[in-house]
Amino acid sequence: MGLEDLGYRPELKRNFSKLETFGVAFSIMGVVPSIASTIWYNLLTYWPYGGPVSMVWGWLVAAGLISFIGFAMADLASSMPTSGGLYYWTHRLAPPKYQNFLSWFVGYNSFLGNVAAISSLGWACSGMIFACASIANENFSPSIGAQVGLYIGILVSCGIFCAYGTTLFARLQTPSVVLNVALALVTIIGLPIARRGELNSAKFTFGGWENLTSWPNGFAFLLSFMAPVWTICSFDCAVSISEEASNASIAVPAAIVGAISSAGILGTLILIMIALCMGPSVAAVNDSAIGQPLAYVYLMAFGQKGSLVIWALICVSQVSMTASLILPSSRQAFAFARDGALPFSQYFHHIDSWAGTPVRTVWLVIGAAIPLGFLGFADPENQAAINAIFALAIMGPYVAYGIPIFARIFWKRTFIPGPWYLGRASVPVAWVAVVWMVFAFILFSFPGDKNPSPGEMNYAIVVTAGVWLFATVFWYTSGRHYFTGPRTEDLSDEIAADFATKAGVEHTQDPNKTSATVTVQPVDDDSDDGKGKDVLRDIGEVN
């Protein structure tokens with residue numbers, strides 16, 4: 001199904017090939033940089049949730065559960081390939097009584113998740129860049145003000161690139177994929193070679209356990225899921241660039257499933273190698289003056305110069321991840337503004353005549369992400385407050401993912417499968433995805449320890465509830481009076497005329513413009529069951 005079939009006129013250039021669409025989704029996950037950003041969730045620093053057991057087995061279990069979300073979303077992305085994605089799907093699949101509000105609600109949760117993910121990537125990137133300085137000089141210790149300043153600079157720089165360099169950005173996706181794969185291979189192959197003779201035992205690598213929190217062991221293991229769930233997330237970015245992707249009904253679902261599968265497999269292998277090569281003392285890595293666990297492991301293996309080169313490339317990859325998320329996030333905001341759901345939608349629904357991109361929504365998402373960085377001042381020593389954005393980057397998307405998937409399988413409204421479809425497995429897979437997302441949302445609302453101080457609280461649920469309150473109040477005071485869902489047009493007659501022109505046949509237009517029909521000679525189609533069928537091309541009403 002094309003964009004016109006969904007009721008939208010194309011406004012954006014289709015700059016992204018199938019491989020480049022995959023590149024955006026895969027680059028956002030950036031497995032090695034993401035593991036570096038979140039390794040402390042299952043091993044080190046603030047809340048060590050179980051050590052190697054959580055690293056390896058926690059990743060494997062969580063990645064398997066996340067794949068159910070990817071498959072369920074791929075079905076929807078193939079059926080309805082539009083940048084409005086999540087909230088468009090919700091409006092199509094929810095009952096008329098609820099479709100407007102649920103579509104509105106999903107859009108705001110999607111916007112929240114995108115902004116939080118951009119913020120978490122930018123914050124992790126600033127920490128990684130300063131880790132380079134710490135590798136070169138162990139006595140270097142950046143102030144929280146310096147990290148916040150660098151964080152803002154990273155977001156603004158990436159924003160300029162996403163606003164005015166989209167074509168170049170698309171071409172850079174393939175090199176970005178190559179860089180991420182190279183970093184994974186350096187870790188999987190190079191790290192154990194460099195550490196030969198000092199490797200941990202298989203017992204420690206696959207069974208080492210150390211829970212230094214006040215949570216019970218089982219719950220601590222579950223909390224370690226934060227690392228893989230945060231890493232293997234934001235795959236809906238491929239959906240957000242559907243209107244810029246060639247052959248979107250195939251390219252987008254392939255990108256979603258391919259990125260999740262690649263990240264799950266590579267992440268498992270990488271974490272096995274880190275557990276194998278990190279040395280037997282968790283405390284030694286934890287107490288490193290560098291302040292970045294994975295950087296310290298590289299330093300032990302490759303020395304100062306070698307680790308600096310590798311870490312610099314990881315920083316480049318992290319910057320690429322940040323830009324790769326800003327671009328689709330701005331497109332989701334653009335689609336939401338196009339349908340009148342954002343404050344000042346008329347202003348934000350705008351394509352820059354020179355860049356050919358929605359420049360205003362690029363700066364909208366960056367402007368919303370920058371203030372989250374100031375949470376770093378709440379707990380400069382442990383940075384527990386700012387780390388809540390990692391949970392926030394999961395909670396917003398999981399609500400936005402879950403509602404359209406639930407609507408499809410629970411309310412059973414008309415769903416027309418696209419060329420990518422799971423068939424009979426589609427509904428059971430979707431149910432597993434919904435149950436997992438509900439569980440994960442509740443799990444990541446908990447703080448890092450049972451008795452947190454105010455600075456160590458998990459404020460993700462507070463911010464999420466604030467967005468829910470804003471969206472609900474805005475809906476009842478304003479939105480319900482004008483928001484009727486995605487603002488689509490009946491383009492069926494134009495589609496039929498275009499088809500007729502290409503087919504060289506006569507086009508008959510309905511005078512009421514509610515439908516249009518093109519009749520062509522029957523052709524033999526062996527695509528379904530191999531027996532051949534007579535096919536009559538009939539383009540009917542577009543809802």
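In what sequence, highest mean first, do 370-378, 221-229 appear when ranked by Cβ atoms within 10 angstrom?
Details: 370-378: 17.8, 221-229: 25.6.
Ranking, from highest mean packing down: 221-229, 370-378.
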### Query
If you rank Cys162, Cys315 by fewest surrounding Cβ atoms within 10 Å, what's the result?
Cys315, Cys162
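Taking the Cα centre as origin and putting +1 on Lys and Arg beta-carbons and -1 on Asp and Glu beta-carbons, what dipole magnitude results for region 92-214, to the nearest 20 debye? Numbers along the way, then the final one.
Working: 6 positive and 3 negative charges, 92 e Å.
The calculation lands at about 440 debye.
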### Task
Rank these for me by crowding, Cys158, Cys277, Cys237, going from fewest to most other beta carbons within 10 Å.
Cys277, Cys158, Cys237
### Query
Ranked highest first by average number of other Cβ atoms within 10 Å, how do 327-333, 191-197 line up?
327-333, 191-197
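For a protection proxy built on the mean count of beta-carbon atoms within 10 angstrom, sort 389-401, 430-442, 125-137 highest first, please.
Values: 389-401: 26.2, 430-442: 18.5, 125-137: 20.5.
Highest to lowest by the protection proxy: 389-401, 125-137, 430-442.
Determine the relative contact order of region 242-356: mean sequence separation of Cα pairs under 8 Å and six or more apart, normalised by residue count, in whole percent. Intermediate results must be reported in sequence, preceding the final value.
Numbers: 36 pairs, mean separation 10.2, N = 115.
Across region 242-356, relative contact order equals 9 percent.
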### Summary
Loop-resident trypsin sites (Lys or Arg not before Pro) in region 412-448 with no more than 15 other Cβ atoms inside 10 Å, DSSP not H/G/I/E/B, are Lys412, Arg413
### Message
Quick one: 3J(HN,Hα) in Hz for region 54-64, Karplus 6.51/-1.76/1.60 with θ = phi - 60°, rounded, Gly and Pro as x.
### Response
5, 4, 7, 6, x, 4, 5, 5, 5, 4, x
### Message
Test of understanding: ordering Phe446, Phe483, Phe111, Phe334 by Cβ neighbours within 10 Å, fewest first, what list do you get?
### Response
Phe446, Phe483, Phe111, Phe334
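Any read-out appearing in this document is the output of simple, stated calculations on the displayed coordinates, not a laboratory observation. Keep in mind the model is a prediction, meaning the values are calculated, not measured. Counting neighbours? That spans all protein chains shown, and the Cβs are built from the backbone with ideal geometry, glycine included.
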